[in-house]
1. Which FRET efficiency, nearest 0.05, do B:THR351 and B:ILE281 yield, Cβ-Cβ r, R0 51 Å?
2. What length, rounded to one decimal in nm, is gained on full extension from B:LEU120 through to B:GLU328, with 0.36 nm per residue of separation minus their alpha-carbon distance?
3. So if R0 is 45 Å, what FRET efficiency would B:ILE173 and B:GLN317 give, r being the distance between their Cβ atoms, rounded to the nearest 0.05?
4. Just report the Cα centroid separation between the stretch B:50-64 and the stretch B:141-185, whole Å.
5. Rounded to the nearest 500, what is the protein assembly as shown's calculated 222 nm mean residue ellipticity when only DSSP H runs of at least 4 contribute -39500 (n - 2.57) each, over all residues?
6. Rounded to the nearest 0.05, what FRET efficiency do B:THR299 and B:VAL272 have when you use their Cβ-Cβ distance and R0 = 51 Å?
7. Evaluate the charge dipole of chain B about its Cα centre and quote only its size in Debye, nearest 20, assuming +1 on the Cβ of each Lys and Arg and -1 on the Cβ of each Asp and Glu.
8. Give, in nm to one decimal, the length gained when the segment between A:ALA279 and A:ASN53 is fully stretched (0.36 nm per residue of separation minus the Cα-Cα distance).
Amino acid sequence: MYEKRILKGMEKFLISLFIVLCVVISCKKILPGAPEDATVLDGTIDGLTMEENQRFLKGDAAFTEVFTAETGLGTTFVATSCISCHAGDGKGHPSTTLTRFGQPDEFGNIFMDQGGPQLQNRALPGYMPEQIPAGATFSKFTPPANTGLGFLDFVSDADILALSDPDDLNGDGISGVPNWIVIPGYITPRPDAIVQNGKHICRFGKKGAAYNLLNQTVNAYNQDMGITSTYNPVDVYTGQEIDPEISNQKIQDVVFYLQTLKAPVARNQEDSEVKQGKALFAQINCAACHTPKLKTGFSPIKGLSYKEFSPYTDLLLHDMGPGLDDGYTEGSAKTYEWRTPALWGLGLSQSSQGGKYYLMHDGRAHSIEEAILMHGGEASGSKAMYQALSSGEKMALIKFLESL
Amino acid sequence: MIYRFLFVYLFISLASQAQVDSTLFRRVPKDTTKNAMNMDAVYNRPFLALGKSPVAIGGYLESNWQYGVTDGITEGHQFQARRLTVFLASKINRRLKFLSEIEFEEGGREIAIEFASMDLELHPLLNFRGGIVMNPIGAFNQNHDGPKWEFIDRPISATQMLPATWSNTGFGIFGKTFHKSWMIGYELYLTGNFDNSIIENTENKTFLPAAKRNPERFEEINSGLPLMNGKIAVRNRKAGELGVSYMGGVYNKFQDDGLIIDSRRRVDVFAVDYNTTIPTINTTIIAEWAWVFVQVPATYTQQFGTKQYGGFIDIIQPILSRSMLGWEKATLNLACRLEYVDWNVGTFTETGDNIYEHLWSIAPAISFRPNAQTVFRFNYRYQQQTDLLGNPPALTGMFQLGFSTYF
């Protein structure tokens with residue numbers, strides 16, 4: 001009787017164990033694998049050394065660091081960390097969109113003494129955030145994707161200048177110009193820098209107003225999080241110089257991280273519709289501004305040195321028409337001029353924007369087609385040609401853009 | 001520091017006596033004649049008494065191996081000694097008891113007094129408790145001893161939403177009574193409170209456990225106003241125990257040196273817990289669900305939510321209860337835990353879309369209990385965590401093998 005009970009119990013146990021193991025083992029996601037490389041934006045460029053990998057990881061950790069009042073956040077700010085605005089290193093969301101104000105023309109920001117150029121729209125508990133001063137024009141900027149920035153950083157000034165055509169000498173209606181700006185003193189110009197009246201060619205940001213990734217990173221810490229550094233010791237809340245709240249090393253680590261994040265990997269390039277879309281992209285002259293290929297010059301990071309890559313930008317400013325003229329600008333750009341955004345990674349935007357598209361400089365376009373139709377100014381011709389395409393051709397073009 | 005000294009002293013004292021004759025220790029059996037509720041958990045533990053000493057000592061150790069992968073990335077194999085907890089209890093006289101619980105976590109890097117109170121019995125329905133008390137929110141916070149659970153990880157809702165093990169200096173009353181199959185108990189305390197860190201922390205979300213990192217909470221209430229805690233629980237021998245609990249108060253520093261520096265902001269937490277064992281099939285069900293409401297300034301970042309909810313349900317099925325491998329009353333169980341937490345319930349101001357920031361997890365488990373004091377556990381956890389925006393979730397799979405035992 002006793003043995004029978006034991007056997008029955010053992011039988012129950014083995015059956016239950018078998019069922020549990022079957023459920024566990026049959027589940028393919030038992031130890032979830034990495035998503036396909038081409039479907040994510042984070043990851044390193046090829047060819048990093050072990051030392052560079054370590055530095056990348058330090059930068060990655062700094063990029064995800066969340067600041068608090070104790071570690072220097074604010075007093076007023078836009079976000080508490082870099083990663084808050086660049087989820088998965090991709091484009092930002094309307095909830096992290098920032099506002100710049102106070103520069104109505106190319107002659108400078110006239111509201112610098114009233115909190116310009118960036119609105120810190122959030123504040124630590126007990127404090128009030130900044131308000132846009134009366135009479136100041138403004139524009140909203142959706143955070144861009146971070147990937148592939150190292151490649152853009154090491155394009156030579158000469159190559160950028162070679163793409164510009166300020167007087168439209170070739171008569172194609174496209175006349176890109178660089179954003180010439182007097183750069184901050186902490187920046188060491190590139191060895192091959194081209195200087196014009198003491199101004200340098202800037203290339204990062206919606207208006208192309210940041211010279212390099214150090215400039216961009218210092219600005220982001222200061223203007224987005226209210227973190228002062230030796231590079232920019234001015235507290236955005238008081239307007240006074242205060243002690244640095246972040247080390248130079250950490251900022252340089254973040255710069256290295258941004259430089260060595262891989263470029264987005266294009267997908268479905270052998271798909272016939274994608275190929276057709278690529279041809280149409282050239283045919284309707286999108287490629288005149290969204291330059292398919294650029295190359296880097298020398299870089300101390302071997303993986304970035306003398307590389308050809310496909311960002312689909314010329315890093316120049318273009319007149320985008322009155323529809324996109326917010327009345328605000330930076331550097332020598334006109335209010336209606338915007339730096340051509342890179343299109344690589346466009347198809348992955350939804351993976352960092354909560355499953356939706358928020359395109360153009362302020363996220364006003366909710367689909368790629370909407371974004372195309374919002375183009376004006378120098379892009380009017382291309383827009384008209386797009387509108388004249390058949391629905392199948394339009395789909396092919398959009399499929400190509402989604403493959404980038 | 002003083003606690004470290006006291007404990008080193010105590011250990012040396014006990015060890016030196018034990019060296020004389022270890023059989024002087026006698027195990028104080030749990031009193032199984034009394035009906036226990038979750039509120040009795042602090043006393044419902046095995047203790048060792050030393051001779052005729054009025055002091056009893058107890059505790060438990062938890063250790064495990066784990067291997068986990070998140071989106072294809074693993075930290076490799078990990079051996080963990082998560083915690084060593086020591087209880088000291090003393091019956092000062094018939095109506096006056098002292099009990100303390102000290103926890104050493106991460107190899108002693110973190111030492112916390114989780115509980116150290118004096119209980120004065122005036123009447124079964126009216127007892128006074130003072131000292132460092134475990135806030136009676138939900139059931140897990142009070143009833144969290146590792147050997148009582150079939151899972152190596154503590155419930156996420158109880159550790160990362162509710163701040164188990166959350167204790168504070170405070171005073172209050174408790175009591176219980178029973179009639180036939182029914183028992184009812186209550187607890188009511190005023191204790192130390194949360195602080196600004198619950199919305200100013202490196203977790204980048206409203207995170208009540210952040211307040212645990214402030215050791216000054218045992219000396220000073222950040223807001224100057226106490227946290228109100230209350231729980232009422234009803235137990236029926238057949239139907240099980242149902243508890244409803246609340247804690248709330250002003251958490252932020254709104255005045256300093258006589259000056260008003262901020263608005264008063266409240267945190268309010270409600271929890272429901274239930275546990276039962278179905279008599280015919282011996283299945284045990286343990287469940288807890290909680291809601292957290294935190295006033296966050298509208299001008300602060302939306303990363304820090306004003307509302308959270310979440311909970312867990314454990315289902316435990318004994319499949320073998322008999323003599324095994326020389327243990328007379330060994331039990332083999334199959335179990336499963338389901339849990340869910342939403343750290344930011346609401347919608348984005350800019351788009352009106354849902355704010356995600358949630359997690360769900362399922363953890364099947366096999367546990368072996370050679371006796372009532374010890375459990376060996378094999379767990380698998382599958383977890384899906386979605387960020388604030390609702391981007392593709394991070395997927396985690398994890399195997400764990402470990403034990404937890406009272407000593």
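1. Values: r = 49 Å, r/R0 = 0.95.
With a Förster radius of 51 Å, E is 0.55.
2. Working: separation 208, 0.36 × 208 = 74.88 nm, distance 3.84 nm.
Taking 0.36 nm per residue and subtracting the Cα distance, the gain is 71.0 nm.
3. Working: r = 38 Å, r/R0 = 0.85.
That pair, B:ILE173 with B:GLN317, gives E of 0.75.
4. 20
5. Values: 12 runs with 134 residues, N = 811.
Rounded to the nearest 500, the figure is -5000 deg cm²/dmol.
6. Numbers: r = 33 Å, r/R0 = 0.65.
The computed FRET efficiency comes out at 0.95.
7. Numbers: 38 positive and 39 negative charges, 410 e Å.
So the dipole magnitude of chain B works out to roughly 1960 debye.
8. Working: separation 226, 0.36 × 226 = 81.36 nm, distance 3.78 nm.
The A:ALA279-A:ASN53 span can extend by a further 77.6 nm.
The values are calculated or read from the model by the stated rules, or taken from the named source; none is laboratory data. Note that the structure is a prediction, hence the values are computed from the model and not measured. Note that we place each Cβ from the backbone using ideal geometry, even for glycine, and neighbour counts take in every protein chain shown. Accessible surface areas use protein heavy atoms only, side chains included; no ligands, DNA or RNA. Shrake-Rupley method; radii C 1.70, N 1.55, O 1.52, S 1.80 Å.
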